Amino acid sequence: MAFHNLYGGTYTLLTSTLKKFGIETTLIPLTADDEEVRRAFRPNTKLLFGETIGNPGVEVLDIQRAASLAHEAGVPLFVDNTFATPYLCRPIEHGADIVIHSATKYLDGHATSLGGFIVDSGRFNWENGKFPHLTEEDPNYHGLSYTRAFGAKAFAVKARAVFLRDFGTTLSPFNAFLINLGTETLHLRMQRHSENALAIAKALQKNPQVEWVRYPLLPESSTYELTQKYLPLGGSGIISFGIKGNWQVSKEFINKLQLASLVVHVGDLRTHVLHPASMTHRQLSVEAQKKAGILENMIRLSVGIENVTDILKDLEQALHT
Ligand SMILES: Cc1ncc(COP(=O)(O)O)c(C=O)c1O
């Protein structure tokens with residue numbers, strides 16, 4: 001089961017690719033109340049999944065609530081913490097069981113590497129009868145039971161020993177080196193990304209050509225209170241906003257940008273823009289885009305660590321010419 005406001009690639013993985021492997025996903029709105037969430041769990045549900053900060057709607061997940069609903073149903077909460085990074089939010093401290101990161105984004109921070117992390121809290125009780133693949137004997141390893149042999153490390157060991165080997169999701173050593181270098185400046189970069197993004201979100205709000213702006217730290221944000229709770233050090237670098245007029249107007253704006261570049265990437269030290277409806281979320285139907293909060297005029301801005309005045313000047317010249 002997953003909250004609906006997901007990165008487009010994750011949405012397609014859950015609703016299409018995994019379906020072909022016999023794994024179905026029930027999508028629920030982030031605004032679903034506790035009863036709606038409870039009703040959506042099925043007897044065979046294995047996990048609840050959400051993004052700390054949704055891509056690209058930048059809504060903040062109530063991790064504690066999601067964790068308690070998942071645990072009530074006997075399943076773990078998985079959180080994609082890519083946009084927040086461990087500097088801004090540590091979901092395990094709020095009850096999440098497994099945290100994943102696309103290290104390709106802020107952790108590397110320089111757009112040099114592809115990689116991902118899985119962080120296992122080691123706290124989830126896999127022995128509640130719902131996870132036989134971790135508790136029952138595995139004939140491929142001479143009858144080993146992962147929970148009996150590895151205890152709190154059962155999930156992490158199986159992920160490495162079986163899935164990493166079988167599916168080939170192995171980080172190249174050079175990318176590991178580069179991502180490690182990146183994490184050494186993560187705290188500095190996330191501070192600057194957050195400061196720059198807040199200043200830009202406020203400036204965009206004041207611009208008469210801008211119809212709407214979403215950023216977790218704007219008081220108008222639908223999840224502003226959750227931002228206070230889960231992101232006390234900053235709101236990260238992603239803003240989404242809409243320009244008045246049709247999509248053609250937004251396209252012209254993007255083409256006029258000089259400092260910010262049009263790329264599908266997000267979360268590195270340079271400022272980027274993209275149009276989710278025609279890029280990251282293009283595979284979704286119009287109906288699915290609506291449910292995921294993707295508006296036709298939505299522009300996603302990944303605010304870099306350049307001088308904020310330079311970024312603002314660039315946005316303003318593109319909005320005004
Ligand atoms: C929130 C989020 N999760 C996961 C991913 C997938 O990352 P990767 O390309 O490193 O697999 C992305 C990519 O944009 C993302 O934005």
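The values are calculated or read from the model by the stated rules, or taken from the named source; none is laboratory data. Everything quoted here is computed from the prediction, not taken from an experiment. No Cβ is skipped: glycine too gets one built from the backbone with ideal geometry, and neighbour counts run over all protein chains shown. Quick note on the areas: whole protein, heavy atoms, side chains included, nothing else; ligands and nucleic acids left out. Shrake-Rupley method; radii C 1.70, N 1.55, O 1.52, S 1.80 Å.
What to note about this one:
- Exposure of ARG189 as accessible area (Å², to 10), given a probe of 1.4 Å and all protein chains: 10 Å²
- Of LYS251/LYS313; LYS20/LYS290; LYS105/LYS244; LYS130/LYS290; LYS19/LYS251, pairs whose Cα-Cα distance is over 28 Å: LYS105/LYS244; LYS130/LYS290; LYS19/LYS251
- Cα-based Rg / Dmax (Å) for the chain: 20.3, 69
- Per residue, the chain reaches -9000 deg cm²/dmol at 222 nm when only DSSP H runs of four or more residues are counted, each adding -39500 (n - 2.57).
- Element breakdown for the chain at a 1.4 angstrom probe: carbon and sulfur atoms account for 56% of the accessible area.
- Cut-off of 10 Å, at most 11 other beta carbons, DSSP loop: longest stretch of the chain lacking such GluC sites (Glu not before Pro): 1-183
- The rule of thumb for compact globular proteins, 2.2 N^0.38 Å, goes into the C-alpha radius of gyration of segment 157-221 1.83 times.
- In the full protein context, the chain carries 48 Å² of accessible surface per residue, based on a 1.4 Å probe and ignoring ligands, DNA and RNA.
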